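The values are calculated or read from the model by the stated rules, or taken from the named source; none is laboratory data. These numbers come from a predicted model, not from an experiment. Neighbour counts are summed over all protein chains in view; Cβ atoms, including those assigned to glycine, are modelled from backbone coordinates with ideal geometry. Surface accessibility is based on the protein's heavy atoms, side chains included, excluding ligands, DNA and RNA. Shrake-Rupley method; radii C 1.70, N 1.55, O 1.52, S 1.80 Å.
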Amino acid sequence: MTCTDHHNQITHTLHATCHAHAIKPLHSIESGSRAWGFASLDSDFDVRLIYHHTPDWYLQIYDEKDTFEFINHELFDVPFDIGGWDIKKALIHTHKSNAVIFEWLNSPIIYHSDDEFIKDIKHIQSDFFNPQTVYHHYQGMAKKANGELDISRPIKLKKWCYLIRALLASLWIKEHQTMPPVCMNEMFGLLNPDNIDELNHIIHLKQSHDEKYLYQLPLSMKIFTQHLWQITQNLNFDKKQKGDAGVLNELFRKIVFK
């Protein structure tokens with residue numbers, strides 16, 4: 001099955017699933033290693049969705065579930081799932097400078113997008129970006145991945161790529177104080193050319209094998225990993241005033257009650 005076939009099948013499944021749940025999709029993307037630029041031959045499809053209900057759903061005294069999950073491991077020859085957030089939850093997390101929602105809004109692989117919504121939210125997303133908060137998110141990812149690695153031995157490249165991407169994102173925030181790019185190779189401008197060549201070689205190896213493939217990092221990449229870890233630890237950023245929740249309230253009402 002070609003990439004176009006995959007995309008069409010996912011889009012069809014997405015719309016059918018939204019219809020079954022009586023929700024309207026606003027923005028749906030690929031997350032995880034496929035969006036980050038280092039998918040293996042057998043990488044999962046991790047589809048993520050922002051959606052909304054009819055107005056009446058929001059006008060009740062008790063809140064209902066504001067997420068949903070759809071899993072179908074028979075759709076493709078690799079695991080496939082859709083995870084969704086209601087628009088209200090998504091906007092609350094935007095106000096909290098949640099890195100996950102920023103990544104969803106800027107994924108390079110898009111299955112569905114409401115042009116008006118994405119234009120409005122992208123226009124204001126930088127107002128809610130807090131470098132310290134997003135830095136802590138990527139440091140948490142880095143610490144988790146690092147705790148599951150022993151680079152002195154042959155490793156599965158998935159966790160190492162997770163680690164490098166999280167550390168590069170931390171370095172990006174240090175250098176630019178903006179949201180890091182979703183695709184890892186867009187951050188390679190932070191590095192010297194020799195490191196870039198080696199990284200691209202390793203990413204090509206990961207893309208060419210399944211996730212069970214074991215690889216012994218060369219000494220240069222071990223040193224690179226340790227250096228990147230050291231220069232991205234315990235960073236502090238100037239406090240930034242939180243964006244105006246009223247702007248998000250207006251966007252919420254515009255989307256749900258139009």
field: Nearby aspartates and glutamates by direct alpha-carbon distance to Lys254 (threshold 17 angstrom, same-chain neighbours under 8 apart not counted)
entry: Asp56, Asp86, Asp114, Asp115, Glu116, Asp120, Asp244
statement: Counting Lys and Arg as +1 and Asp and Glu as -1 over every other residue whose Cβ sits under 14 Å from the Cβ of Tyr215, the net charge comes to +3
- request: State, to one decimal in nm, how far the label point of Asp63 lies from the label point of Ser220, with both points 7 Å from Cα in the Cβ direction.
  value: 5.1
query: For the chain, what % of the accessible area comes from carbon and sulfur atoms, probe 1.4 Å?
result: 52
query: Relative contact order for segment 25-151: what is it in percent, counting Cα pairs under 8 Å that are at least 6 residues apart?
result: 30
Degrees separating the helix 157-176 axis from the principal Cα axis of the chain, which is the longest one: 80
task: Note down the Stokes-Einstein diffusion coefficient of segment 1-110 in µm²/s, whole number, using a Kirkwood radius over alpha carbon pairs, 4 °C, and 1.567 mPa s.
output: 87
- prompt: Considering only Ser40, Leu26, His53, whose Cα is most displaced toward the positive end of the charge dipole of segment 1-54, charges sitting on Cβ of Lys, Arg (+1) and Asp, Glu (-1)?
  reply: His53
query: Expressed as an acute angle from 0 to 90° and rounded to the nearest 10, what is the orientation of the C-alpha long axis of helix 245-256 relative to the principal long axis of the chain?
result: 60
statement: Between the modelled labels at Asp238 and His6 (7 Å from Cα along Cα→Cβ) the distance in nm is 4.3
query: When N is the residue count of segment 68-221, what does its C-alpha Rg come to as a fraction of 2.2 N^0.38 Å?
result: 1.16
field: 5 angstrom amide H check on His27, placed H, neighbours 5+ away
entry: Ile50, Asp114
message: Please give the charge dipole size of segment 1-127, origin at the Cα centre, charges +1 on K and R Cβ atoms and -1 on D and E Cβ atoms. Round to the nearest 20 debye.
response: 320
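Given a 1.4 angstrom probe, what's the average accessible area per residue across the chain, in square angstrom?
52
Is segment 55-105 best put as rounded, prolate or oblate by its Cα gyration tensor, with a ≥ b ≥ c the root eigenvalues, rounded for a/c under 1.5, and otherwise prolate when a/b is larger than b/c, oblate when not?
The shape class here is oblate.
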statement: Per its Cα gyration tensor (rounded if a/c is under 1.5, else prolate when a/b beats b/c, else oblate), segment 149-258 is best filed as prolate
message: Through the Karplus equation 6.51 cos²θ - 1.76 cosθ + 1.60, θ set to phi - 60°, convert the phi angles of segment 69-84 into ³J(HN,Hα) values in whole Hz; use x for Gly and Pro.
response: 10, 9, 10, 9, 7, 9, 5, 10, 8, 10, x, 9, 8, 10, x, x
statement: So for segment 99-145, using the alpha carbon gyration tensor with a ≥ b ≥ c as root eigenvalues (a/c under 1.5 gives rounded; past that, a/b versus b/c decides prolate or oblate), I'd call it oblate
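Give, rounded to the nearest 20 debye, the magnitude of the charge dipole that the chain has about its Cα centre when Lys and Arg contribute +1 at Cβ and Asp and Glu contribute -1 at Cβ.
Using only the charged Cβ atoms, the result is roughly 760 debye.
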task: Treating the angle as unsigned and between 0 and 90°, give the value, to the nearest 10°, between the Cα long axis of helix 115-124 and the longest Cα principal axis of the chain.
output: 60
task: Measure up Lys119/Lys174; Lys65/Lys144; Lys24/Lys88; Lys174/Lys222 against 18 Å on the Cα-Cα distance and list the ones that go over.
output: Lys119/Lys174; Lys65/Lys144; Lys174/Lys222
